Amino acid sequence: MYVIVDIETTGGNMNNGKITEIAIYRHDGEKIVDEFISLVNPECLIPPFISSLTGITNEMVESAPPFYALAKDIVNICKDAVFIAHNVGFDYNFIKHEFKSLGYNFDMPSMCTVKLSRKFLPGHNSYSLGNLCDDLGISIAARHRAAGDALATVKLFELLLEKNNGLINADDPYTAFSADGLHPNLTIDIIKSLPNETGVYYLHDELGDLIYIGKSTKIRNRIITHMGNPKTKKGIEMKMKTADISFHLTGSELIALLKESQEIKEEKPRYNRAQRRARNQMGLYHYQDRKGYLRFILKPNTGVDIPDCTFESMKEGREQLFKWIDEYELCQQLCGLYEGQNGCFQYQLKTCKGACVGEELPEQYNSRVLQLISRLSYGHNNVVIIDKGRTPDEIGVIIIENGKYLGYGYIYEDTAVSNPAEFKEHIIRYDDNRDTRVIIGNYLRQKKYKKLITY
């Protein structure tokens with residue numbers, strides 16, 4: 001969904017200028033589906049030369065609503081859309097500045113029809129709206145009025161869409177989409193019908209076999225990237241072989257990541273070679289020795305035991321473990337980084353508390369080891385991660401219990417839950433493994449979730 005916008009102002013600088021008129025056309029990629037047009041009381045005088053240019057006078061805006069009275073309507077019509085304007089920085093920043101003065105963060109993806117025109121309509125002497133529209137035969141009913149200029153921009157945008165096979169990727173708008181090389185069964189309409197929401201998508205060949213699984217917060221945009229104009233051998237092959245596309249919406253980006261990882265392991269699609277290869281080859285494991293001390297060991301992951309954390313290489317693991325030894329005052333020898341008969345090297349320097357020679361009791365030493373293990377185990381032994389659902393009245397839940405990933409599911413937001421453990425009734429259980437630990441750990445560190453409930 002797009003909103004094509006034009007504004008008129010009292011001047012060219014948003015710091016001392018104010019909006020006098022705004023026009024917004026909501027567009028679904030084929031036609032206008034809604035519109036919002038209004039004069040705006042700038043609550044200041046309009047300079048005479050601006051009135052001469054736009055035809056908007058002080059008398060005209062005297063009884064018009066101020067921007068704050070229109071703010072809610074503007075937010076509503078712009079919801080879940082891409083902001084488009086000719087020289088988009090001017091219109092977008094002016095509106096964003098007005099919202100900032102109201103204490104609201106107006107934040108939208110944006111595209112500029114000037115830049116798009118330079119890319120898809122090369123060779124024009126001028127890319128100003130008036131000159132470009134004259135060249136293209138687009139009439140402007142009222143030049144320098146918001147509705148007239150915005151409607152001309154709509155017609156220009158529709159032409160740009162047509163030039164680019166009806167598809168523009170808002171994440172990478174100035175890259176051309178080529179329909180050349182698409183499988184005959186995969187039409188532009190199929191791609192356009194895909195949701196631009198969070199989930200997992202599946203590419204199928206003409207026999208219906210799965211050839212690729214991916215995850216995205218904007219499925220349609222990601223597919224446009226795959227099918228657009230790939231340069232690599234793998235990308236060109238995928239484009240040629242993809243005859244159909246299916247998807248599963250998740251709402252939660254974390255659930256999408258977990259689902260993608262799980263299904264790649266199960267299905268082993270042809271073009272997911274990189275994801276199928278073992279990542280994070282080295283693992284950090286702990287065990288208790290005969291004297292009662294908790295020890296760490298770095299060793300290759302076998303896929304049987306679940307490590308406390310994983311590393312790409314032994315070198316990376318050793319470097320990080322040395323840092324944790326310093327941070328938690330652990331013993332190099334009990335962490336497998338020093339061999340010797342008379343205690344570790346740090347003990348000889350009197351910086352180790354002596355667990356390696358029995359001077360520090362297991363209970364004292366193990367308490368610090370357990371602090372690190374807890375930190376590596378998602379930071380919580382028992383936690384429910386509350387995240388976005390697939391619909392506004394739904395939430396996603398991901399459960400960690402006893403430091404292990406149990407699975408995920410969905411419940412309605414108003415579901416009565418008296419005990420966090422009851423969330424387990426609503427999940428599908430999945431295996432814990434090193435990849436899920438990396439995925440969940442990274443997500444928790446980035447604090448992308450909605451809420452955490454510990455129990």
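Where a number appears in this text, it was derived from the coordinates with a stated rule and is not lab data. If you're wondering where the values come from, they're calculated on a predicted model, not measured in any experiment. No Cβ is skipped: glycine too gets one built from the backbone with ideal geometry, and neighbour counts run over all protein chains shown.
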From the Cα centre of the range 325-342 to that of the range 17-50, the distance in Å is 68
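Run the numbers for K72 and E413: contour at 0.36 nm per residue of separation, minus the present Cα-Cα distance, in nm.
On the way: separation 341, 0.36 × 341 = 122.76 nm, distance 2.52 nm.
So the chain would gain 120.2 nm between K72 and E413.
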The range 292-308 scanned against label point 7 Å out from E319 along Cα→C-beta; backbone N under 20 Å for 297-301
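Hey, got a sec? Which trypsin sites (Lys or Arg not before Pro) in the range 322-354 land in a DSSP loop and have at most 16 other Cβ atoms within 10 Å? Numbers along the way, then the final one.
Values: sites: K323, K350, K353; in loops: K350, K353.
Here the sparse-neighbourhood loop sites are K350.
Divide by every residue of the chain the summed helix terms, -39500 (n - 2.57) for each DSSP H run of at least 4, and state the resulting mean residue ellipticity at 222 nm, rounded to the nearest 500 deg cm²/dmol. Write down the numbers at each step before the final one.
Working: 16 runs with 161 residues, N = 455.
When only DSSP H runs of four or more count, the value is -10500 deg cm²/dmol.
How much length is gained on full extension from I190 to D80, taking 0.36 nm per residue of separation minus their Cα-Cα distance? Walk me through the numbers on the way to the answer.
On the way: separation 110, 0.36 × 110 = 39.60 nm, distance 2.07 nm.
Separation in residues times 0.36 nm, less the Cα-Cα distance, equals 37.5 nm.
Considering Cα pairs under 8 angstrom that are at least six residues apart, work out the relative contact order of the range 383-454 and quote it in whole percent.
Numbers: 112 pairs, mean separation 26.1, N = 72.
Once normalised by length, the contact order is 36 percent.
Taking the Cα centre of the chain as the origin, how large is its charge dipole in debye, to the nearest 20, when only Lys and Arg (+1) and Asp and Glu (-1) carry charge on their Cβ atoms?
Values: 55 positive and 59 negative charges, 344 e Å.
The dipole magnitude comes to about 1660 debye.
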Taking Cα atoms, the helix 88-101 axis meets the longest principal axis of the chain at an angle in degrees (rounded to 10) of 70
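Between rounded, prolate and oblate, where does the range 75-232 land on the alpha carbon gyration tensor, with a ≥ b ≥ c its root eigenvalues, rounded for a/c under 1.5, else prolate if a/b exceeds b/c? The partial results should precede the final answer.
Values: a/c = 2.67, a/b = 1.47, b/c = 1.82.
Because a/c hits 1.5 or more and a/b fails to exceed b/c, the range 75-232 counts as oblate.
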Checking the range 1-72 for trypsin sites (Lys or Arg not before Pro) in a loop per DSSP with at most 14 other beta-carbon atoms within 10 Å yields K31
Here P(r) for the range 315-455, Cα-Cα distances in 5 Å bins, as whole percents, is 2, 9, 16, 17, 13, 10, 9, 9, 7, 5, 3, 1, 0
Rounded to whole angstrom, the alpha-carbon centroid of the range 199-251 lies from that of the range 364-434 at a distance of 30
For the range 188-273, the dipole about the Cα centre with charges only on Cβ (Lys and Arg +1, Asp and Glu -1), to the nearest 20 debye, works out at 460
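Sorted by average packing, counted as other Cβ atoms within 10 angstrom per residue and highest first, what order do 165-176, 443-454, 398-409 take?
Values: 165-176: 17.2, 443-454: 13.3, 398-409: 19.7.
In descending order of packing, they fall as 398-409, 165-176, 443-454.
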Log entry: pair-distance distribution for the chain, C-alpha pairs binned every 20 Å from zero, whole % per bin is 20, 38, 30, 12, 1
Close lysine pairs (the range 1-155; alpha-carbon distance under 27 Å; 8 or more apart or on separate chains) counted at 25
If unit charges are put on Cβ atoms (+1 for Lys and Arg, -1 for Asp and Glu) and the dipole of the chain is taken about its Cα centre, the option from S101, Q348, L167 lying farthest towards the positive end turns out to be Q348
For K424, counting only aspartates and glutamates whose alpha-carbon sits under 18 Å away and dropping same-chain residues fewer than eight positions off, the answer is D387, E394, E401, E413, D414, D432
Under 18 Å between C-alpha atoms, the lysine pairs in the range 164-265 lying 8 or more places apart or on different chains count 11
Sequence order, the range 16-24: Karplus ³J(HN,Hα) from phi using 6.51 cos²θ - 1.76 cosθ + 1.60, θ = phi - 60°, Hz rounded, Gly and Pro as x, gives 10, x, 9, 7, 10, 7, 9, 9, 10
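Given 0.36 nm per residue, what is the gain on full extension from Q446 to M1 after removing their alpha carbon distance, in nm? Before the final figure, lay out each step's value.
Details: separation 445, 0.36 × 445 = 160.20 nm, distance 2.87 nm.
That pair, Q446 and M1, stretches by 157.3 nm at full extension.
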At R0 = 30 Å the Cβ-Cβ FRET efficiency linking T217 and K155, nearest 0.05, sits at 0.45
Taking the alpha-carbon centre of each part, the distance from the range 73-102 to the range 435-455 in Å is 32
Once the in-chain neighbours fewer than 8 apart are removed, the lysines whose Cα is under 20 Å from K323 read K299, K315, K350, K353
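In whole percent, what relative contact order does the chain give with Cα contacts below 8 Å and a gap of six or more residues? Could you put the intermediate results ahead of the total?
Working: 805 pairs, mean separation 40.1, N = 455.
So the answer I get is 9 percent.
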